[in-house]
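Data first, discussion second: the structure below is written as structure tokens.
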Amino acid sequence: MKKKYILPLFVAAMAVLVASHSCRKFENGIEVPSYIHIDSISVDCDYYAFGANTSNISDAWVYVDDQIVGCYELPATFPVLKKGPHKVSVYGGIKVDGRSGARAPYSFYAPMVYSNLNLVQDSVVNLNPVLNYYEIGKGTNVGWMEDFEQGSTLVKTSDSDTSLFRVGFPESWQGDVIHSSYSGKVVLPPDSLHFTLANSDPLYDLPTNSNPVLLEMDYKCNAAFTVGLLYYKDFKLTEWPLVTVTPTDSINEVPQRWNKIYVNLGPTLVEYRNAEYFKVYVTSHVYKGTATEYVPDRTRYYYFDNMKLFYK
């Protein structure tokens with residue numbers, strides 16, 4: 001049986017109370033649980049509104065009759081002290097900033113709701129939730145999207161050694177399929193240390209009031225890179241690094257495996273709420289003229305796709 005992960009702390013406290021109550025029932029033989037099994041959770045969405053249906057849902061946050069049962073790392077089989085028809089809601093959970101210790105329901109995925117799921121004692125009900133985003137303007141707003149199908153709005157900054165270029169099959173995210181024919185690629189030879197890319201148009205309307213703001217991004221790489229925000233204040237554009245992303249493939253010269261990350265931008269937007277505008281940037285993890293400068297012993301490859309900035 002999978003271990004529960006309940007975050008944030010107030011949810012953890014609720015889960016402890018539920019678990020302790022359930023244990024007493026099991027010990028006294030008063031109740032026989034029903035079981036739910038969820039192997040995985042996928043996303044199906046309108047490409048023209050939300051981009052490609054890529055996802056990296058690691059957990060199921062489950063509610064029965066609007067009361068939390070738990071957060072379960074997938075795949076999961078878990079007991080429920082209910083029988084007969086009940087409302088079961090499944091939310092898609094992510095690792096915020098790619099960290100295993102920062103799990104939360106993704107703010108922009110609407111839950112899959114089973115209005116009258118028949119729970120049978122000592123039996124397993126298998127669920128295969130398919131989620132969609134909350135509607136535009138009703139839970140989801142789009143700040144910026146880039147999937148490289150029509151070009152690229154992710155451009156080099158003035159201090160970057162190189163630019164991004166588009167690649168197609170077989171290097172792109174899903175190969176030669178509709179709406180996913182191209183990806184962005186950066187190549188840094190051993191004698192080139194640094195790249196920085198940012199979205200071309202300033203972002204003026206991002207909320208700075210603690211509302212959820214997250215960046216989705218698919219990537220593959222054989223060297224680390226950093227994701228951050230540029231903020232323009234006092235006639236100066238300043239980098240604020242957020243997450244250092246580790247390589248997806250350190251064995252092959254050209255990386256083979258794609259991964260997806262959800263980066264939390266909200267706290268930084270609150271911190272710099274007086275900035276005139278923001279931009280998203282990605283940069284290599286090596287900087288010229290610093291103590292960390294070194295000469296890599298091989299060419300570094302970075303691929304990007306399906307970059308989506310959503311906010312409430």
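A count restricted to segment 95-126 and to residues that are more than 30 Å from LYS308 (Cβ to Cβ) and buried (at least 18 other Cβ atoms within 10 Å of the Cβ) stands at 2. Only one of PHE235, PHE195, PHE225 is among the aromatic types (Phe, Trp, Tyr) and without any contact (Cβ under 8 Å) to a residue 24 or more places away in the chain; which? Going through PHE235, PHE195, PHE225 in turn, just one is among the aromatic types (Phe, Trp, Tyr) and without any contact (Cβ under 8 Å) to a residue 24 or more places away in the chain: PHE235.
Note on segment 36-126: enclosed strands (runs of 3 or more DSSP E) holding 2 or more residues that are among the β-branched types (Val, Ile, Thr) are 59-64, 67-73, 76-80, 84-95.
Considered as a group, the residues in segment 127-184 that are among the aromatic types (Phe, Trp, Tyr), modelled with pLDDT of 95 or more and open to solvent by less than 50 Å² (accessible area, probe 1.4 Å) include one that is nearest to ASP44 (Cα to Cα), and that residue is TYR133.
Looking only at segment 174-202, which residues are under 18 Å from LEU309 (Cβ atoms) and part of a loop (DSSP other than H, G, I, E, B)? Residues satisfying the conditions are SER200, ASP201, PRO202. For segment 83-94, the count of residues that are closer than 23 Å to GLN174 by Cβ, modelled with pLDDT of 95 or more and open to solvent by 20 Å² or more (accessible area, probe 1.4 Å) is zero. Does LYS138 count as without any contact (Cβ under 8 Å) to a residue 40 or more places away in the chain and of a type in the set (D, E, K, R)? Yes; evaluated as a whole, the condition is true for this residue. Of all residues assigned to segment 210-222, none qualifies as being out of contact with any Lys or Arg (no Cβ under 9 Å at 6 or more places or on another chain), closer than 26 Å to VAL142 by Cβ and among the aromatic types (Phe, Trp, Tyr). The residues of segment 249-271 that are in a loop (DSSP other than H, G, I, E, B) and either surrounded by 16 or more Cβ atoms within 10 Å (Cβ to Cβ) or among the aliphatic types (A, V, I, L, M) (or both), listed by number, are ASP249, ILE251, VAL254, PRO255, TRP258, LEU265. Among residues of segment 33-48 that are without any contact (Cβ under 8 Å) to a residue 24 or more places away in the chain and closer than 12 Å to GLY92 by Cβ, none has a Cβ under 9 angstrom from a residue that is surrounded by 13 or more Cβ atoms within 10 Å (Cβ to Cβ) and of a type in the set (S, T, N, Q) at a sequence gap of 6+ or on a separate chain.
The values are calculated or read from the model by the stated rules, or taken from the named source; none is laboratory data. Predicted model, so just to flag it, every value in this text is computed and none were measured. A quick note on method: Cβ atoms are made from the backbone with ideal geometry, for glycine too, and the neighbour counts reach across all protein chains shown. Just the protein is used for accessible areas: all its heavy atoms, side chains included, with ligands, DNA and RNA removed. Shrake-Rupley method; radii C 1.70, N 1.55, O 1.52, S 1.80 Å.
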